[in-house]
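Here is the structure we will look at.
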Amino acid sequence: MFWKDKKLDQFTNDEWESLCDGCGKCCLLKLEDPDTMEIAYTACSCDQLDTDKIQCKQYASRSLVVPECLQITPKNIAQLTYLPSTCSYKLIHEGKDLPEWHHLVCGDAQRIHEIGRSIKDYCVPVSRVAEEDWVDLIVEIED
């Protein structure tokens, strides 16, 4: 259980990458209210997200393919306040443990989808939705 024994800056790249629970919530289009600065998630996913597998089709080159794609790192995790409270990166940063359904705990990478904690059953590629309809697809992210 490396996430309990090491500090974030001690994780290897593979360890850091393995923390991702595969929920896909970071791949959803987010809208910011200009008055309140609140962030709202939509059901619109990045076009590079394989919506069946909830995996990036261009993961290794995602920042080149989608320049606004945000890479979560040990250095920027503290600033990413809009990540859901169940985000594994956020949990570890906050000194909390991984949930029992996390693949590193239960050994099953599909468990997150089976229990409905991922976006698998409701996301749609953003290119299939007219921009004026984005606000109609705001979703409540389960914490």
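Looking at the chain alone, DSSP beta bridges between its own residues are antiparallel in about 80 percent of cases.
Between Arg128 and Trp101, the contour length at 0.36 nm per residue exceeds the alpha carbon distance by 6.6 nm.
Model label points for Asp121 and Gln55, set 7 angstrom from Cα along the Cα-to-Cβ axis, are 2.2 nm apart. Shape analysis of the chain based on the Cα gyration tensor places the equivalent ellipsoid semi-axes at 25, 17, 16 Å, largest first. Taking springs between alpha-carbon atoms closer than 10 angstrom, which of Asp121, Asp14, Asp108 fluctuates most in the Gaussian network model of the chain? Most flexible of the set in this elastic network: Asp14. Cross-link partners of Lys6 among lysines, defined as those whose alpha carbon lies under 29 angstrom from its own and excluding same-chain residues fewer than eight positions apart: Lys25, Lys75, Lys90, Lys96.
Please give the per residue accessible area of the chain, computed with a probe of 1.4 Å over protein heavy atoms only, in Å².
62
Note on region 15-91: semi-axes of the ellipsoid equivalent to its C-alpha gyration tensor, largest first and rounded to whole Å, are 20, 16, 13.
In percent, rounded to a whole number, the relative contact order of the chain is 34, using alpha-carbon pairs under 8 Å and six or more apart. The GNM of the chain, with springs linking C-alpha atoms under 10 angstrom apart, assigns the highest mean-square fluctuation among Glu114, Glu38, Glu15 to Glu38. For Glu142, the accessible surface of its heavy atoms amounts to roughly 100 Å² (probe 1.4 Å, protein chains only, rounded to the nearest 10). Sequence-ordered 3J(HN,Hα) estimates for region 105-120 from the Karplus curve with 6.51, -1.76 and 1.60 and θ = phi - 60° stand at 9, 8, x, 10, 5, 8, 4, 4, 6, 4, 9, x, 9, 10, 8, 3 Hz, glycine and proline given as x. Residues whose amide H falls under 5 Å from that of Leu49, counting only those 5 or more places apart or on a different chain, are Lys57, with hydrogens built in the peptide plane. Between Asp47 and Lys4, the FRET efficiency from the beta-carbon distance, with R0 = 25 Å, is close to 0.10. Think of each Lys and Arg Cβ as +1 and each Asp and Glu Cβ as -1; about the Cα centre, that makes the dipole of the chain roughly 620 debye.
The values are calculated or read from the model by the stated rules, or taken from the named source; none is laboratory data. All values reported here derive from a predicted model rather than from experimental measurement. Cβ atoms come from the backbone with ideal geometry, glycine included; neighbour counts cover every protein chain shown. Accessible surface is based on the protein model in full, side chains and every heavy atom, while ligands, DNA and RNA are left aside. Shrake-Rupley method; radii C 1.70, N 1.55, O 1.52, S 1.80 Å.
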